[in-house]
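K.L.:
Sharing a structure with you now.
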Amino acid sequence: MKPQRGTKSTKVVSLILSLVVAVCVCFGVACRRSNAKRYDLRGKVLKVEPEKHLVTISHEDIKGYMPGMTMPFTVPNDSDLQIIAPDDEITATLVIDGKHSWLEDLIITRQSATAPMMPGVQMAKAGDEVPNFTLRNQDNREIHIKDYRGKTLLLTFIYTRCPVPDYCTLMSDNFAQIDRALGQDPELYGKTHLLSISIDPEYDTPKVLRSYGAAHTERYQNETFAHWEFAGGTKEQVKDIAQFFGLTYFPEKDQIIHALRTVIIDPQGKVAQIYGGNDWKVEDVVAEIKKQSASSVAKAP
């Protein structure tokens with residue numbers, strides 16, 4: 001009988017331990033999820049890309065987080081992607097968890113009968129010469145794309161009020177890493193230039209851009225912006241360069257849809273590489289910049 005009692009006792013102890021482990025695991029998951037921040041989102045669907053799990057939404061102000069904007073959001077739930085369509089009006093929960101963000105709890109509040117026509121824009125491709133676009137930088141000085149001829153130019157599109165961690169913040173953090181990496185080689189540093197262009201020029205004045213830029217380079221009052229500039233301009237000026245690189249203008253809201261676009265322009269002023277998302281790696285871009293700069297030296301008479 002004793003062995004039987006021992007066996008039963010062992011089973012009970014094992015069961016208790018299993019329950020304790022399960023509770024601990026569940027508690028750990030709950031703790032991790034509790035760190036995520038959630039915000040109510042309301043807006044209109046403009047584009048659905050199920051294969052990328054992306055939905056572009058023109059949203060209202062997100063209270064306590066960000067102003068109204070038109071931009072793509074990650075939607076991980078396949079069933080949500082199957083039921084929503086362009087022109088649907090929706091509500092959702094925007095989840096911010098560290099450097100990741102996504103939408104959940106999507107509800108269609110007004111369903112469309114037909115999808116609206118999106119204004120199509122032909123994106124520039126490698127080898128295209130970049131027009132001499134005009135912008136205004138953080139020093140309130142007019143700049144032109146041709147000002148950077150002879151250097152490899154890396155540019156991207158941001159806006160300073162964008163708090164989404166895997167969009168503008170990630171782009172600016174990546175640019176800061178690239179700026180530091182290029183700075184390790186003084187000769188290469190002198191042959192390259194970085195440019196961040198705001199798609200929200202009415203708010204992102206030269207003063208705002210100067211403050212934002214100095215914070216991201218971490219040089220603050222010592223920043224000269226000699227290597228990495230931040231620029232805006234009139235709405236038309238920004239729209240022209242944004243559309244050239246494939247960003248879409250949404251006339252109903254008078255906004256540029258906040259998609260991601262990062263571009264390398266070679267020293268001859270032609271498009272060398274276009275990155276259409278946020279999954280590019282800093283080291284790959286640095287390598288491409290070095291390649292373009294070396295190629296320019298080889299072509300020099």
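Condition check ((1) in a strand (DSSP E or B); (2) hydrophobic (A, V, I, L, M, F, W, C); (3) open to solvent by 40 Å² or more (accessible area, probe 1.4 Å)) across all residues:
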residue	(1), (2), (3)
TYR212	no, no, no
ALA215	no, yes, yes
GLN221	no, no, yes
PHE225	no, yes, no
ALA231	yes, yes, no
GLU236	no, no, yes
LYS239	no, no, no
LEU247	no, yes, no
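For every residue, the table says whether it meets (1) under 22 Å from the mean Cα position of the chain (by Cα); (2) open to solvent by less than 10 Å² (accessible area, probe 1.4 Å); (3) at pLDDT 90 or above.
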position	(1), (2), (3)
ALA92	yes, yes, yes
GLY98	yes, no, yes
ALA126	yes, no, yes
ASN132	no, no, yes
ILE145	no, no, yes
LEU155	yes, yes, yes
PRO163	yes, no, no
THR169	yes, no, yes
GLN177	yes, no, yes
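K.L.:
While we're here: Which of (1) farther than 19 Å from LYS191 by Cα; (2) part of a helix (DSSP H, G or I); (3) not β-branched (Val, Ile, Thr) does HIS258 not meet, given it meets every other one?
P.N.:
For HIS258, the failing item is (2).
K.L.:
Run GLN292 past the list (1) open to solvent by 20 Å² or more (accessible area, probe 1.4 Å); (2) assigned to a helix (DSSP H, G or I); (3) in contact with a helix residue (DSSP H, G or I) (Cβ under 8 Å, 6 or more places away or on another chain) and report the number of the one that doesn't hold.
P.N.:
The failed condition is (3).
K.L.:
Does ILE264 qualify as being buried (at least 20 other Cβ atoms within 10 Å of the Cβ), closer than 19 Å to ALA124 by Cα and either over 17 Å from the mean Cα position of the chain (by Cα) or at pLDDT below 95 (or both)?
P.N.:
no
K.L.:
Name, by its number, the condition in (1) modelled with pLDDT of 85 or more; (2) open to solvent by 20 Å² or more (accessible area, probe 1.4 Å); (3) over 20 Å from the mean Cα position of the chain (by Cα) that does not hold for ASP279.
P.N.:
Result: ASP279 passes all but (3).
The values are calculated or read from the model by the stated rules, or taken from the named source; none is laboratory data. Quick caveat: nothing in here was measured; it's all calculated off a predicted structure. Here Cβ is always computed from backbone atoms with ideal geometry, including for glycine, and neighbour counts include all displayed protein chains. Please note that ligands, DNA and RNA were not included when accessible areas were found on the heavy atoms of the full protein model with its side chains. Shrake-Rupley method; radii C 1.70, N 1.55, O 1.52, S 1.80 Å.
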